[in-house]
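Sharing a structure, written as C-alpha cells. Questions coming.
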Amino acid sequence: MLLDGGIITNTIESTIVEIKENEIKVLRKGDITKEEILNIF
C-alpha cells in the first residue's frame, strides 16, 4: 500500500507499507508516521 499526500513520486514523501494479517510493516518511511498509519486501521 502506498500512502501519499496526493502526489506519487520517487522522493521520500511517499510512505509504503505492507499489511499482512494484523501486522503493519513500514517498507519506506515518508511523511506519514507509523502512528498515523495505525490510526487509519
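The values are calculated or read from the model by the stated rules, or taken from the named source; none is laboratory data. Bear in mind that the values here come from a model prediction, so they are computed numbers and not experimental data. Neighbour counts run over all protein chains shown; Cβ positions are idealised from the backbone, glycine included.
Select from region 9-29 the residues that are at pLDDT below 80 and not polar (S, T, N, Q) and list them in ascending order.
Across region 9-29, the qualifying residues are 12, 13.
Here is a further query. So, residue 39, is that one at pLDDT 85 or above and either over 9 Å from the mean Cα position of the chain (by Cα) or of a type in the set (Val, Ile, Thr) (or both) or not? Let's see the steps before the verdict.
Working: at pLDDT 85 or above: yes; either over 9 Å from the mean Cα position of the chain (by Cα) or of a type in the set (Val, Ile, Thr) (or both): yes.
For residue 39, the condition - at pLDDT 85 or above and either over 9 Å from the mean Cα position of the chain (by Cα) or of a type in the set (Val, Ile, Thr) (or both) - is met.
Six or more apart or on different chains, Cβ under 8 Å: which pairs go from a residue in region 15-40 that's without any contact (Cβ under 8 Å) to a residue 24 or more places away in the chain and surrounded by 10 or more Cβ atoms within 10 Å (Cβ to Cβ) to one that's assigned to a strand (DSSP E or B) and acidic (Asp, Glu)? Could you list them?
So the pair list comes out as 24/18; 25/18; 27/18.
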